[in-house]
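Take a look at this one; I'll ask things after.
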Amino acid sequence: MAFDIEMIKKAYGTMAERVDKARQLVGRPLTLSEKILYSHLWEGNPTQAFTRGKDYVDFAPDRVACQDATAQMALLQFMHAGKNKVAVPTTVHCDHLIQAKVDAATDLARAKTQSNEVFDFLSSVSDKYGIGFWKPGAGIIHQVVLENYAFPGGMMIGTDSHTVNAGGLGMLAIGVGGADAVDVMSGMAWELKFPKLIGIKLTGKLSGWTAPKDVILKVAGILTVKGGTGAIVEYFGEGATAMSCTGKGTICNMGAEIGATTSTFGYDDSMRRYLKSTGRADVAEAADAVAPYLTGDAEVYANPEQYFDQVIEINLSELEPHLNGPFTPDLATPISKMREEAEKNNWPLQIQVGLIGSCTNSSYEDISRAASLAKQVADKNLKTKAQFTITPGSEVVRYTIERDGFIDTFDKIGATVFANACGPCIGMWDREGAEKEERNTIVHSFNRNFSKRADGNPNTLAFVGSPELVTALAIAGDLGFNPLTDKLINEDGQEVMLDEPTGNELPPKGFDAEDPGFQAPSEDGSGVQVVVSPTSERLQLLAPFEPWNGENIIGAKLLIKAFGKCTTDHISMAGPWLRFRGHLDNISNNMLIGAINAFNQKANSVKNQLNGKYDSVPAVQREYKAAGVPTIVVGDHNYGEGSSREHAAMEPRFLGVKAVLVKSFARIHETNLKKQGMLALTFANEADYDKIQENDTFNFVDLKEFAPGKPLTIELFHDNGTTETILANHTYNEGQIGWFVAGSALNLIAAAGNA
Ligand code: SF4
């Protein structure tokens, strides 16, 4: 059903030769990360050594995974690639659109009604194009991937930042935007700057109250939310091999919180055990046959300082349980210091809710250890002081923990079991009373704790901890409680201590589920109809963008000259606009509404040169489009920084903007603009930004000679009758000019497919 052992064997079949060749070219032993990178080059066998943090390299990932919020636009675009099937194994997971409110059954039923058309769309597109579809309730993308698809030494991309979770099974798994996923699904290469490498040596062994989560909470405290940027974090050492595979997954998952490209661990017995336990003994056998290639060379781990860009060492035997927060995942506090810190910072000590689960921490090991604490509530005649919730990561986990009595144990402490979905982790938590915005404290085992992330209340202070610590704190109802040293008073007035958590790494009776929630695609999807209602407000089929007409652009008007920071959030806001992610026309009503107009310093107020009136950016642009008037957007430095969301490039393209001319681009956004058939240009002379006036008209006079390395000439006509000529640089190569000519990269792929 789930994984493709032949694909994995094929990948392993070429690995040895490629890694050996890379070692020769690089001229030294290799880290695991380098082995995986060099064995996944688009060109096949390596022919050169790359410089970390500098060279852009084309890769060929083994898999793609998409979640329901990001999959909508990705699949709408893929439908234009002219392919019958996806080029690499791909799955879609329905997990983000399910709100947690009452309980699993009620919430799931409501979500199926509210987002029915989105789920139906994703299901039918998956069926048609050979994509595995995981229905609502099947589980959270990263847990399902770990259980079914991740494999040691593999490379995958996913349209979600916590795709990195699959590093727990020795993969390089990387979160990307929808445009990148579409490229790979369509059979194109995927480009990445060759990452830097951070080595983390784990010595000693976890014990007692300390869990894998505490490793990443500690690392986040050291590296901060930016410390991993542009780097792969590779863990090794005796502490790594002594840890469970799912524990490794937790650590890799939260690598996203330090900004790392991804994180990974070398293949070891914990991975072998997990593969066998999840029905993949044949993957373990195939991995065993190439085991030396699925971990770093011994010399690298013996002298890591010589081979990594940065090395951190953590002794697990001395590591204390941590709580990170509030409002940022890198504010790390050992539990022994928590009361002092909370009092110093005036954080409310009373805990209102403890939440465990999510894609980060809902393994059998996590849940069984948390249940061992919940069980002590009855055994020691305690009363749980805070509310308690569980969001299982998958139906397989949920079914198995129910069968083994853990749900029953949690029931006895009054817990609510939410659907196998993201729920409270992504703000899809309809928490009673949250609208009152009262200051309060919650503890959870999720990964992110930014303001409003869980319940939308900016005054909820969320602290991140291991599931076992969260459970102990929920029982105590006190943020300052240290279960290693502190006593609780039970219902008989006696002082009692909680015993250390215990559990099983894997279920002794194996994993099980009546219905894991998977829908396999049709062998031949040609007859499958993809239905999108023309009156839908959430989904809209895309029409291919028009090819270039071969003419110079004459008489373009200035839509907006953006002042200062203009991120993808300024260009295509998130929040309430998320519901329109699958409807390009509707979501285009947020185009550039956050950008500041350089001429009046206001957001979403620009002059319409056709009538002299000020209006919102989308409204003005729609009027230009209706009048057939081309427009351009002008911006400052690092235009389009932030997320890789392709909507920020598709919206201006859809509404008729022809060019974006800025001092400098964030690279991913620049590429996204190129892919959508736009002109992404930079001022040859930055000071020319100041020449742009509110009533300017632009002529691109030599667009017919558009060529790699040749600046474009733009004439500016000011409304005082003067004219100036400026030069605009670009980074288009021949192939990318082909995207512009065809109208978009997808148009070109589709044309090639039909040729
Ligand atoms: Fe993202 Fe949270 Fe869902 Fe995991 S559970 S995929 S972190 S929203």
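No value in this document is a laboratory result; all are computed from the given coordinates. Computed from a predicted model, the values in this text were never measured in an experiment. No Cβ is skipped: glycine too gets one built from the backbone with ideal geometry, and neighbour counts run over all protein chains shown.
Quick one: give the max-minus-min coordinate of the C-alpha atoms of segment 276-384 along each principal axis, largest first, in Å.
Reported extents, whole Å, longest axis first: 52, 38, 25.
State, as an integer percentage, the relative contact order of the chain based on alpha-carbon contacts under 8 Å between residues 6 or more apart.
13
In this model, which of LYS54/LYS226; LYS607/LYS675; LYS85/LYS193 are farther than 23 Å apart at the alpha-carbon?
Where the Cα-Cα span goes over 23 Å, the pairs concerned are LYS607/LYS675; LYS85/LYS193.
Here is a further query. Going by how many other Cβ atoms sit within 10 Å of their own, how do TYR689, TYR267 line up, fewest first?
In increasing order of surrounding Cβ atoms, one gets TYR689, TYR267.
While we're looking at this one, here's another question. Taking N as the number of residues in segment 103-217, what value does Rg over Cα atoms divided by 2.2 N^0.38 Å take?
It is 1.34.
Just want the ordering: THR409, THR535, from fewest to most Cβ atoms lying within 10 Å of their own Cβ.
THR535, THR409
I would also like to ask the following. Given 0.36 nm per residue, what is the gain on full extension from ALA302 to GLU715 after removing their alpha carbon distance, in nm?
Length difference between fully extended and current span is 142.5 nm.
Still on this model: Taking the Cα centre of the chain as origin, work out the dipole magnitude from +1 charges on Lys and Arg Cβ and -1 charges on Asp and Glu Cβ, in debye rounded to 20.
Its charge dipole is roughly 940 debye.
Cα centroids of segment 129-172 and segment 499-558: how far apart, whole angstrom?
14
222 nm [θ] for the chain, helices only, -39500 (n - 2.57) per DSSP H run of 4+, per residue, to 500?
For the chain, the value works out to -9000 deg cm²/dmol.
Still on this structure, please answer the following. What is the diffusion coefficient of segment 556-754 in µm²/s, taking the Kirkwood radius over Cα pairs and the Stokes-Einstein relation at 20 °C with a viscosity of 1.002 mPa s?
127
Another one. So what is the relative contact order for segment 639-755, in percent, with contacts set as C-alpha pairs under 8 Å and at least six apart?
Once normalised by length, the contact order is 24 percent.
Which whole-Hz ³J(HN,Hα) couplings does segment 463-471 yield from phi under the Karplus relation 6.51 cos²θ - 1.76 cosθ + 1.60, θ = phi - 60°, glycine and proline marked x?
Taking θ as phi minus 60°, the curve returns 10, 9, x, 5, x, 5, 5, 4, 5 Hz for segment 463-471.
Grab the other residues whose beta carbon is less than 13 angstrom from that of ALA284, score K and R as +1, D and E as -1, and report the net.
0
So for segment 5-316, what are the equivalent ellipsoid semi-axes in whole Å, largest first, each being the square root of 5 times an eigenvalue of the Cα gyration tensor?
That gives 31, 24, 18 Å for the three semi-axes.
Treating only the Cβ of Lys, Arg, Asp and Glu as charged (+1, +1, -1, -1), what charge dipole size does segment 556-754 show about its Cα centre? Round to the nearest 20 debye.
For segment 556-754, the charge dipole is close to 540 debye.
Could you tell me the relative contact order of segment 338-417? Use alpha-carbon pairs under 8 Å, at least six residues apart, and round to a whole percent.
Across segment 338-417, relative contact order equals 35 percent.
Specify which residue in the list MET79, THR471, MET650 is farthest towards the positive end of the charge dipole of the chain, using unit charges on the beta carbon of Lys, Arg (+1) and Asp, Glu (-1), about the Cα centre.
Toward the positive end, the furthest listed residue is MET650.
Moving on to the next point. Normalise the Debye intensity by I(0) for segment 647-734, one equal point scatterer per Cα, no solvent, then take log10 at q = 0.18 Å⁻¹ and round to two decimals.
Log10 I(q)/I(0), no solvent term: -0.83.
Run the dipole for segment 59-140 about the Cα centre, Lys and Arg Cβ at +1, Asp and Glu Cβ at -1, nothing else charged, and hand back the magnitude in debye, nearest 20.
180
Still on this model: Using just the alpha carbons, could you tell me how many Å³ per residue the convex hull of the chain encloses?
161
Given THR261, ALA603, ALA370, which one lies farthest toward the positive end of the charge dipole of the chain, if we put +1 on the Cβ of every Lys and Arg and -1 on the Cβ of every Asp and Glu?
Farthest towards the positive end: ALA603.
Put +1 on the Cβ of every Lys and Arg and -1 on every Asp and Glu Cβ in the chain; which of TYR274, HIS570, GLY237 then has its Cα farthest towards the positive end of the dipole?
Farthest towards the positive end: HIS570.
For segment 371-456, would you read off the P(r) tail past 21 Å as a percentage of all alpha carbon pairs?
38
Okay, moving on. Which order do peptides 429-435, 417-423 fall in by mean Cβ count within 10 Å, highest first?
In descending order of packing, they fall as 417-423, 429-435.
Could you sort the peptides 277-287, 306-316 by per-residue average Cβ neighbour count (10 Å cutoff), highest mean leading?
Taking the mean over residues of other Cβ atoms within 10 Å, the ranking is 277-287, 306-316.
Consider just the alpha-carbon atoms of segment 418-552 and return their Rg together with their Dmax, both in angstrom.
24.8, 86
What FRET efficiency comes out for the pair ASN695/GLU341, r = Cβ-Cβ distance, R0 = 56 Å, nearest 0.05?
0.50
Oh, and also: Below 11 angstrom from the Cβ of THR731, what's the summed charge of the other residues (Lys, Arg +1; Asp, Glu -1)?
Taking every Cβ under 11 Å from that of THR731, the sum is +1.
Same structure again: If the cut-off is 26 Å between C-alpha atoms, which lysines fall inside it for LYS276, apart from same-chain ones fewer than 8 positions away?
Within reach: LYS9, LYS10, LYS35, LYS135, LYS205, LYS213, LYS248, LYS509.
Here's another thing I want to ask about it. If amide hydrogens are placed 1.01 Å from N in the peptide plane, which non-local residues have theirs closer than 5 Å to the one on VAL57?
LEU192, LYS193, PHE194
In nm, to one decimal, how far is the MET7 label point from the ILE554 one, both placed 7 Å along Cα→Cβ?
Rounded to a tenth, the inter-label distance reads 5.1 nm.
Can you report the principal axis dimensions of segment 508-569 using only the alpha carbons, biggest first, rounded to whole angstrom?
70, 38, 26
Taking θ = phi - 60°, what integer Hz values does the Karplus form 6.51 cos²θ - 1.76 cosθ + 1.60 yield along segment 544-552, in sequence order, with x for Gly and Pro?
x, 5, 4, x, 4, 7, x, 9, 5
Could you run the Karplus curve 6.51 cos²θ - 1.76 cosθ + 1.60 with θ = phi - 60° over segment 82-94 and give me ³J(HN,Hα) per residue in whole Hz, x for Gly and Pro?
Coupling constants for segment 82-94: x, 9, 7, 9, 5, 7, 10, x, 9, 10, 10, 10, 8 Hz.
Another question, if that's okay. Just give me a number: lysine pairs in segment 346-469, eight or more positions apart or cross-chain, with C-alpha atoms less than 21 Å apart.
Qualifying lysine pairs in segment 346-469: 7.
Looking at the calculated P(r) for segment 141-207, what percent of the C-alpha pair distances fall above 18 Å?
Of all Cα-Cα pairs in segment 141-207, 47 percent lie more than 18 Å apart.
For segment 684-754, what Kirkwood radius comes out of the mean inverse Cα-Cα distance, in Å?
14.0
Under a Cβ-Cβ cut-off of 9 Å, what is the net charge of the residues other than GLY177 that fall near it, where Lys and Arg count +1 and Asp and Glu count -1?
-1
Also: Please work out the Cα center distance from segment 293-359 to segment 663-709, rounded to the nearest Å.
Using only Cα atoms, the two centres lie 44 Å from each other.
What is the distance, in nm, between label points placed 7 Å from the Cα along the Cα-to-Cβ direction at GLU43 and at ALA87?
Placing both labels 7 Å beyond Cα along the Cβ direction yields 1.8 nm.
Mind checking Rg over Rh on segment 323-496, alpha carbons, Kirkwood formula for Rh?
0.95
Another question, if that's okay. Packing-wise, with mean Cβ within 10 Å as the measure, how do 223-229, 699-705 rank, highest first?
223-229, 699-705
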